[in-house]
Amino acid sequence: MNVLIIGGAGYIGSHVTREFLDIGHNCTVYDNLSSGLRENLFADAKFIHGDIHDYPLLLDVLKTSSFSAVVHLAASKAAGESMTNPAKYSRNNISGTINIINAVCEANVKNIVFSSSAAVYGEPQYLPIDENHPTNPENFYGFTKLEIERLLEWYDKLKGMRFASLRYFNAAGYDVKGRIKGLEQNPANLLPIIMETAVGLRKEMQIFGNDYDTNDGTCIRDYIHVSDLACGHAKALDYIDKNNKSIKINLGSENGFSVTEVLESARKITGKPIPAKITERRSGDPAKLTASCSLAQKLLSWKAVHSDIDTLIKTSWEAYQK
């Protein structure tokens, strides 16, 4: 299959690109390199330096290369920042994605795989969260993802564009074969912040609140290894292409680890002290988020296989030591 991977030079995007290449797809990466890195590009994939806000270029690329599918991973993704800079998230995550959807339709591309988020659910009403859980985002980032899911549903009805909306839980780790060299830029997620502290790029890290209703007072999250996540993209594309049917689906590990548990495991594996300071809670952070991925197992024959806490930390540490 000939696939355009938008945002394919980024942290998740580079892993998705590598997975698609490994299973035999022809890949073109479209990225403005605002957070993606040239060192995350592969010789066996084409590269176009472009922005999702450049509609003429986007349309020209889609029309001239006979793509079978688009994978869209280009978005701003820091939940905390979205609450203080909604204009940025409106532009990148909503306006930019509308450009992509319209260009995909105009170029008569059949399939799109969309990088969504478990943030669409908001505060859990029950755990683990399945795809039938109410959607009520607690941060603006989650709102932008949910709005795009609603748009995709309409384009499915009106234009026959099939989509897979993948509701990620917390992506973490690095390629289990060590082939991704570029580190995530300006990370806002827990594990890369722990790693930056371990290697001395930060003097200390912050733990946002230790008074949540959890065993140790810190937030519990479902961490999915990025290699598992990449595999989920490939299987989701295969599903919508073969079944001509759109899906919204969770991708997670089905396990929850608290901030303190991850930090203590990282200290043990790295042998570093990793100084941490307790600060105030962040707006929009639920206490617990864990996934039910039974639908992914049923429809895609997918299950996380690299998402144990040791593999998450060891592959991250190997990447950061380089």
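Observations on the structure shown:
- Ellipticity estimate at 222 nm from DSSP helix runs (n ≥ 4, -39,500 (n - 2.57)) divided over the chain, nearest 500: -11500 deg cm²/dmol
- Fraction of antiparallel bridges per DSSP, the chain only, in percent to nearest 5: 5 percent
- The residues neighbouring Ala319, those whose beta-carbon lies less than 14 Å from its own, together hold a net charge of +1 under the Lys/Arg +1, Asp/Glu -1 convention.
- Between Ser301 and Leu201, the contour length at 0.36 nm per residue exceeds the Cα-Cα span by 32.0 nm.
- At a probe radius of 1.4 angstrom, the accessible area of segment 100-171 per residue rounds to 39 square angstrom.
- By definition, a body whose alpha carbon gyration tensor gives a ≥ b ≥ c is oblate when a/c is 1.5 or more and a/b is not larger than b/c, and segment 257-322 fits this oblate description.
- Charged side chains reduced to their Cβ positions (Lys and Arg at +1, Asp and Glu at -1) give segment 1-102 a dipole of some 180 debye around its Cα centre.
- Additional length obtainable on full extension of the chain from Ser66 to Glu106, 0.36 nm per residue less Cα span: 13.2 nm
- Taking the Cα centre of segment 72-192 as reference, the dipole from Cβ charges on Lys and Arg (+1) and Asp and Glu (-1) amounts to some 460 debye.
- Here the peptides 228-240, 139-151 are ranked by packing, the mean other Cβ count within 10 Å, and the order with the highest first is 228-240, 139-151.
- Within the listed set Asn99, Asn210, Asn243, the residue fluctuating most in the Gaussian network model of the chain (springs between alpha-carbon atoms under 10 angstrom) is Asn243.
- Efficiency of FRET from Cβ geometry, Asp211 and Met83, R₀ 25 Å, rounded to 0.05: 0.80
- Cα-based shape type of the chain, given that a ≥ b ≥ c are square roots of the gyration tensor eigenvalues and the cut on a/c is 1.5: prolate
- Charge tally in the Cβ shell below 11 Å around Ala78, where Lys, Arg are +1 and Asp, Glu are -1, Ala78 excluded: +2
- Of Ile129, Ala230, Ala79, farthest towards positive along the dipole that unit charges on Lys, Arg, Asp, Glu beta carbons give the chain: Ala230
- Compared with the direct C-alpha span, the chain from Arg282 to Ser294 gains 1.3 nm at full extension, assuming 0.36 nm per residue.
- Atom-type composition of the exposed protein surface of the chain places 46 percent of the accessible area on carbon and sulfur (1.4 angstrom probe).
- Segment 1-113: C-alpha gyration tensor shape, a/c 1.5 cut-off, then a/b vs b/c: oblate
- Cα-Cα over 27 Å, subset of Lys203/Lys314; Lys110/Lys181; Lys63/Lys245; Lys159/Lys248: Lys110/Lys181
- Where labels lie 7 Å past Cα in the beta-carbon direction, separation of Asp156 and Lys181 in nm: 4.0 nm
- Accessible surface computed residue by residue for segment 192-322, with neighbouring protein chains in place and a 1.4 Å probe, gives 46 Å² per residue.
- Once C-alpha pairs closer than 8 Å and six or more residues apart are averaged by separation and normalised to the residue number of the chain, the relative contact order reads 19 percent.
- Inter-probe distance in nm under a simple model that places probes 7 Å from Cα toward Cβ, at Asp22 and Glu318: 1.1 nm
- Loop chymotrypsin sites (Phe, Trp or Tyr not before Pro), segment 17-126 (other Cβ atoms within 10 Å of the site Cβ: 16 or fewer; DSSP): Tyr126
- In this rough spin-label picture, where each label sits 7 Å from Cα along the Cβ direction, the Ser95-His53 distance is 0.6 nm.
- In a reduced charge model with +1 at each Lys and Arg Cβ and -1 at each Asp and Glu Cβ, the chain shows a dipole moment near 480 debye about its Cα centre.
The values are calculated or read from the model by the stated rules, or taken from the named source; none is laboratory data. If you're wondering where the values come from, they're calculated on a predicted model, not measured in any experiment. A quick note on method: Cβ atoms are made from the backbone with ideal geometry, for glycine too, and the neighbour counts reach across all protein chains shown. Just the protein is used for accessible areas: all its heavy atoms, side chains included, with ligands, DNA and RNA removed. Shrake-Rupley method; radii C 1.70, N 1.55, O 1.52, S 1.80 Å.
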